[in-house]
Amino acid sequence: MLVQRQVRLAWLLVLPTLLVVVFVAGYPLAQVFYWSFYKADIALVDPPEFVGFENYLFLLRDPDFREALWNTVKFTVFSVSIETVLGLAIALIIHSNFRGRGLVRTAILIPWAIPTVVSAKMWQWMLNDVYGVINVIGVKLGILSQKVAFLARPELMLPAIIAVDVWKTTPFMALLLLAGLQLIPEELYEAASIDGATRWQQFWTITLPLLTPALVVALIFRTLDALRVFDVIYVMTGVNPATRTLAVYNRQNLIDFQDLGYGSAISVAILIITFVFVILYMRSIGREALR
Amino acid sequence: MKRTLFWLNRGLFYLLVVFVVVYSVFPFYWAVISSFKPSSGLFTPDPSFLPIPFTLEQYRNVFVGTAFGRNLLNSLLVAGGATLLSLVLGVLAAYALGRLRFPPKNAVLYIVLSMTMFPQIAVLGGFFVLLRQVGLFNTHAGLILSYMLFTLPFTVWVLVGYFRGLPRELEEAAYVDGATPVQTLLRVMLPLTGPGLVTTGLLAFIAAWNEFLFALTFTVSDVVRTVPPAIAFFGGATPYEIPWGSIMAASVVVTVPLVVLVLVFQQRIVAGLTAGAVKG
């Protein structure tokens, strides 16, 4: 009796959230799938025309889509791997006991707290080809032989953007890994020290294996984030083909070209690509959380 | 010998620490410095590393004769609205999912979890059509609604964790005293999740405050437009002139409240962040 009442109350409490979820996620998602089979403009001025798989067939042949996919892969692989290595290094630094560790943790929170659009603008200014502080310092110290137009040379644009993303996102990675490090029991290191293991050996035999679960979750989490990157790219280099990622190309088709049909097909492609990682992510953290 | 090696080690370590701090802080420091310089101090081959000469002119340019004040208000309204709505709905759902007998619990949790990972871009077209259909395109309400896509699942997910962490005995004691589940939620459980609510709300607010893609796409006028797209499009007197000083001033204005919040709530934010991602 009491159980039944509890179930009914639970439904009542969950219902508003479920309704919102259906409205803001379910319905738009259904629209995207639906329109991906149509030729239609986003304002729906002209009557839409059913075209079957035409949008998808076009997508498979579209060199711009392929280039956007390649840019996305490059961005994801480089930013995530650099962030992981740097994040781990910073996490290890903060984890080792020293005076001023609180200060370091506070300092690394600053890039995290800054909106992506703002960090993109800040770096755009620092990377300015004439007055940017990076060029000024680089030339003064002799690291650069002359000033470099980082955001105008196609081969330097993506690396520059990756550097900005690394600056902004490494702290998050470091905090996730720090949480993982703090779960490793101190006794293991004490025992290893007694057995004569060096710090280096301890890192490879204790820290890394025990950190792996946290590392895997952080990696998948960041990969998902990187695959859908939009803000930093759009603000720094707009829709330039040299840096255009899937999300940027998708929005360009939907909004700039008003092409609801093809834009929706790209959205579905992005969904399929991220879906694989979502499954991986849910399997790695879901199981524990859903006990 | 051993002593020298020890100090060398320490020295190198602290050098590394200093490097990490400078690397993290310098770009923001540079933005702040730049925002206090007149244009003559910015567009020079030899810029000063201190705000010399000092001026507030850039801040005046940001606010006088522009829509930036309006943009700030919009951001506050939209981020605040989305956060508040998510917290209210989220607390109810999270209590049911974390505490009550609810047969499809795991299915709902899976939906919520997958939504926290959902690429916003994938619903952009559908949401655009939806907002036009219901007449909410280029409105605050429409933008708030679109933000629920990421603030609500995040809130539910993190709060479920908080509710689960509370001891069972509290609830049982309340039941024994004859409280209904609703009373138990409002009188016993909710006050205990206070800190969790603050952290979750703060993180949701920051996410909404920083959001760019939807704000860019679902608003067309400064009446509704929030700060991130406004900053992205901050123009000068002519299309050829980029007013870096004013852009930096605007950037500082939107960032300082966030940085202050983050520094004040540091411990909690770190805990909340890792709860949202690692522990789930």
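Nothing in this text is a laboratory measurement; each read-out follows from the coordinates by a stated rule. Everything numeric in this text was worked out from a predicted model, so none of it was measured. Counting neighbours? That spans all protein chains shown, and the Cβs are built from the backbone with ideal geometry, glycine included.
For chain A, relative contact order (Cα pairs under 8 Å, six or more residues apart, normalised by length) works out to 29 percent.
The Cα atoms of the stretch B:47-148 cover 66, 36, 24 Å along the three principal axes, with the biggest extent listed first.
Picking from A:193, A:79, A:36, which is most flexible by a Gaussian network model of chain A using Cα springs under 10 Å? Largest GNM mean-square fluctuation: A:193. Phi angles across the stretch B:98-115 convert, under the Karplus curve 6.51 cos²θ - 1.76 cosθ + 1.60 with θ = phi - 60°, into 3J(HN,Hα) values of x, 10, 9, 6, 8, x, x, 3, 5, 4, 5, 4, 5, 4, 4, 5, 5, 6 Hz, Gly and Pro given as x. Provide the FRET efficiency to the nearest 0.05 for the residue A:276-residue A:183 pair, computing r from the beta carbons and using R0 = 30 Å. Plugging the Cβ-Cβ distance into 1/(1 + (r/R0)^6) gives 0.60. Cβ-Cβ distance of residue B:15 and residue A:46, R₀ of 60 Å, FRET efficiency by 1/(1 + (r/R0)^6): the value works out to about 0.40.
Highest mobility in the GNM of chain A, judged by mean-square fluctuation with C-alpha springs under 10 Å and restricted to A:183, A:215, A:141, is found for A:141. Placing a label point 7 Å from the Cα of residue B:141 along the Cα-to-Cβ line, the residues of the stretch A:18-51 whose backbone N sits under 17 Å from it are A:20, A:23-24. A Stokes-Einstein calculation at 37 °C with viscosity 0.692 mPa s, built on the Kirkwood radius of chain B over Cα pairs, returns a diffusion coefficient of 149 µm²/s. Averaging the Cα positions of each part gives two centres, and for the stretch B:62-76 and the stretch A:172-213 these lie 49 Å apart.
Mean projected area of the convex hull spanned by the Cα atoms of the protein assembly as shown, taken over all viewing directions: 31.0 nm².
Note on chain B: helix-only mean residue ellipticity at 222 nm, from DSSP H runs of 4+ residues weighted -39500 (n - 2.57) and normalised by residue number, equals -22500 deg cm²/dmol. With contacts taken as Cα pairs under 8 Å at a separation of at least 6 residues, the stretch A:106-247 carries a relative contact order of 28 percent.
Taken residue by residue and averaged, Cβ atoms of other chains lying within 10 Å of the Cβ of B:15-27 number 6. Each of A:81, B:24, B:114, A:267 has some number of other Cβ atoms within 10 Å of its Cβ, and from fewest to most they run A:81, B:114, B:24, A:267. Could you tell me the center-to-center distance, by alpha carbons, between the stretch A:238-254 and the stretch B:149-187 in angstrom? One Cα centre to the other: 44 Å.
Shown for chain A: lysine pairs separated by 8 or more places, or found on different chains, whose C-alpha atoms are under 30 Å apart, numbering 8.
Taking 1.002 mPa s as the viscosity and 20 °C as the temperature, the Stokes-Einstein diffusion coefficient of the stretch B:128-280 based on its alpha-carbon Kirkwood radius rounds to 116 µm²/s. Given the stretch A:1-148, report the % of alpha carbon pairs whose separation exceeds 19 Å. Every Cα pair in the stretch A:1-148 considered, those over 19 Å come to 80 percent. Result for chain A in a Gaussian network model with C-alpha springs under 10 Å: among A:124, A:258, A:146, the largest mean-square fluctuation is at A:146.
For the stretch B:49-96, the Kirkwood estimate of hydrodynamic radius, built from reciprocal distances between every pair of different alpha carbons, is 14.0 Å. Dividing the convex hull volume of the alpha-carbon atoms in the stretch A:63-290 by its residue count gives 165 Å³ per residue.
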